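Undergrad: Encoded as structure tokens, here's the structure I'll be asking about.
The values are calculated or read from the model by the stated rules, or taken from the named source; none is laboratory data. From a predicted model like this one, the values you see are computed outputs, not experimental measurements. As a convention, Cβ positions derive from the backbone with ideal geometry for all residues, glycine included, and neighbour counts pool all protein chains shown. The area values use the complete protein model at the heavy-atom level, side chains included, leaving out ligands, DNA and RNA. Shrake-Rupley method; radii C 1.70, N 1.55, O 1.52, S 1.80 Å.
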Amino acid sequence: MTAIQIETQYSTGASRRAIEQALVAAGKDLGHLRPEDLALLEDFHTMGRIATAQLADLAQITPGDEVLDAGSGIGGTARYIAERARCHVVAVDLTGEYCAAARWLNQLAGLDDRITVRQGDVTDLPFGDATCTLMFSQHVQMNVADKSLLYAEARRVLADGGRLAVWDIVAAETGAPDFPLPWANRPEYSHLTTSDRLSAAIASSGFEIEHWNDLTGQAAAMMQTLLTLPPGPIGLQAFVPGFESKAKNLTAALADGRLRAVQGLARAV
């Protein structure tokens, strides 16, 4: 996707205002907001906070890690990691509106001293070589056509022995998904590849894959359960236009095998 397509996909011009209205409607005190108050609306990926926690367990984050959250959205993963591991996190996203919302939410949650937000392209990161020890990448590569460029850049900014933690949606061999989807309103905005090709792109960029887990069944079951729950005032629907139809299309494609969900950990070698 181009920068213009990314802007078209994710920007509404009102993300911060919509999130603020949702928090107030849920009875949250913005002057005394806790990080956990944001959990239902800040994890813009399949399985939400549960997937983030599972990936963090796999990555074994320590307070000494310098973490890069690449494609950070409104900053949910960065806040979770900073709060959980007490480490410093740099959050990078191409969408300026999301970066602004992330900075505001970091401040409300009392985590702005541990998180730095930068607007930038994950295929051209604004950092020097070997500047981080762990990179999180959740539901990012589906918007990037050149996987080799994405993971070569990840390898460049990771120190030797650093870890790349991924949680992604990949294509299967049983037909195309229906659109819109959370990362693409239209087919030309989506750059899905298969699980095998994705792992090969990572390995060929200077990584040794240590874990590669297909969690499609778990993801489909959880998403199906979530769709049966009545919507509350706090949720991704607060700032993601058409979220209900996007989530339904994603869940249906996971359930019938047109899409797969993979979790991976690779080490820079």
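Undergrad: Determine, yes or no, whether residue 234 is at pLDDT 95 or above and surrounded by 14 or more Cβ atoms within 10 Å (Cβ to Cβ).
TA: no
Undergrad: Still on this structure, I have one more. Looking at residue 73, is it outside any helix (DSSP H, G or I), small (Gly, Ala, Ser) and surrounded by fewer than 18 Cβ atoms within 10 Å (Cβ to Cβ)?
TA: no
Undergrad: Let me ask another. Hey, can you tell me all the residues within segment 111-164 that are open to solvent by 30 Å² or more (accessible area, probe 1.4 Å), part of a loop (DSSP other than H, G, I, E, B) and not β-branched (Val, Ile, Thr)?
TA: 112, 113, 114, 126, 127, 128, 129, 130, 145, 146
Undergrad: Let me confirm something: among 199, 204, 195, which residue is open to solvent by 60 Å² or more (accessible area, probe 1.4 Å), among the hydroxyl-bearing types (Ser, Thr, Tyr) and farther than 30 Å from residue 20 by Cα?
TA: Testing whether each residue is open to solvent by 60 Å² or more (accessible area, probe 1.4 Å), among the hydroxyl-bearing types (Ser, Thr, Tyr) and farther than 30 Å from residue 20 by Cα leaves just 204.
Undergrad: Suppose the filter is in contact with a Cys (Cβ under 8 Å, 6 or more places away or on another chain) and either at positive phi or surrounded by 15 or more Cβ atoms within 10 Å (Cβ to Cβ) (or both); does residue 93 pass it?
TA: Against the criterion (in contact with a Cys (Cβ under 8 Å, 6 or more places away or on another chain) and either at positive phi or surrounded by 15 or more Cβ atoms within 10 Å (Cβ to Cβ) (or both)), residue 93 qualifies.
Undergrad: Looking only at segment 28-54, count every residue that is small (Gly, Ala, Ser) and farther than 18 Å from residue 232 by Cα and tell me the total.
TA: Final tally of qualifying residues: 3.
Undergrad: Among the residues of segment 18-60, how many are surrounded by 13 or more Cβ atoms within 10 Å (Cβ to Cβ), more than 19 Å from residue 135 (Cα to Cα) and among the charged types (D, E, K, R)?
TA: Matching residues across segment 18-60 total 4.
Undergrad: Do you know which residues across segment 96-110 are of a type outside the set (D, E, K, R), within 16 Å of residue 16 (Cα to Cα) and either surrounded by fewer than 18 Cβ atoms within 10 Å (Cβ to Cβ) or within 16 Å of the chain's Cα centre (by Cα) (or both)?
TA: Once the filter is applied, which keeps residues that are of a type outside the set (D, E, K, R), within 16 Å of residue 16 (Cα to Cα) and either surrounded by fewer than 18 Cβ atoms within 10 Å (Cβ to Cβ) or within 16 Å of the chain's Cα centre (by Cα) (or both), segment 96-110 yields 96, 98, 99, 100, 101, 102, 107.
Undergrad: Before we move on, is residue 133 touching a residue at least 40 places away in the same chain (Cβ under 8 Å) and under 13 Å from residue 259 (Cα atoms)?
TA: It is false that residue 133 is touching a residue at least 40 places away in the same chain (Cβ under 8 Å) and under 13 Å from residue 259 (Cα atoms).
Undergrad: Can you find a residue in segment 58-69 that is out of contact with any Pro (no Cβ under 6 Å at 6 or more places or on another chain) and part of a helix (DSSP H, G or I)?
TA: Yes: segment 58-69 contains one or more residues that are out of contact with any Pro (no Cβ under 6 Å at 6 or more places or on another chain) and part of a helix (DSSP H, G or I).
Undergrad: Follow-up question, since we're still on this one. Please state which of the following conditions residue 113 fails to meet, knowing it meets all the rest: (1) in contact (Cβ under 8 Å) with a residue 24 or more places away in the chain; (2) over 18 Å from residue 17 (Cβ atoms); (3) over 17 Å from the mean Cα position of the chain (by Cα).
TA: (1)
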